[in-house]
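This report concerns only the one structure given below.
The values are calculated or read from the model by the stated rules, or taken from the named source; none is laboratory data. Predicted model, so just to flag it, every value in this text is computed and none were measured. Counting neighbours? That spans all protein chains shown, and the Cβs are built from the backbone with ideal geometry, glycine included. Quick note on the areas: whole protein, heavy atoms, side chains included, nothing else; ligands and nucleic acids left out. Shrake-Rupley method; radii C 1.70, N 1.55, O 1.52, S 1.80 Å.
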Amino acid sequence: HAPCSDVRDGFYQFSIPEPASWFGVREKFTAQELGVTEMWDPETRRKQPVSPNQVFPCFEAMPMGWSWALHFCHTAINAIAEESATCKGRLFEDRSPPPRILPGQPAHSVYVDNNSALGANLRDAEDAFDAFASCCEKRGLDLHDQQIRGQTARRLWSGARPSSPYVAQPTEQDLALQ
């Protein structure tokens, strides 16, 4: 069982004021035109009241096209999945053996701002999903409405039988469904 979720506008929910000036526009505006009362000061490393007459708009959220954005977003969502109550330390990660999915031992698989909560049964998968969603909510991260949960959770290899600690083989019934 693998209920899935997608963090809504994942990249844009992260504020990165320090490098925001890298992602600005060269057109000048007055602070009054933009309704700006404070701006990031790289020297003091905090927001200050606007003092210059002219300002350059910058993109404070993490821009999708920035080469490091993928890494930072994935790392943040991975940390949230890891800390969720039901799956502490049970993540599918690069260069690591996958955790076994056993009853009472669900795991998470994260790709950038997407999460799959994998469980040996629907209850485990839903508990892991709910724990992840709760951790996101505590941090103010919204999930897309079309998250897959409950009865709509698609069963992956419904009758899978373990053939080794890290591999599950589909049953003949699963193969017939494909």
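Observations
- Accessible surface area normalised per residue over segment 100-149 is 51 Å², counting heavy atoms of protein chains with a 1.4 Å rolling probe.
- Cβ-derived FRET efficiency at R0 22 Å, Phe72 paired with Glu27, nearest 0.05: 0.20
- Annotation: amide H of Leu118 within the under-5 Å range of Ala107, His108, Ser109, sequence separation 5 or more or interchain, hydrogens built in the peptide plane.
- The 1.4 Å probe gives accessible areas that order Leu70, Leu118, largest first, as Leu70, Leu118.
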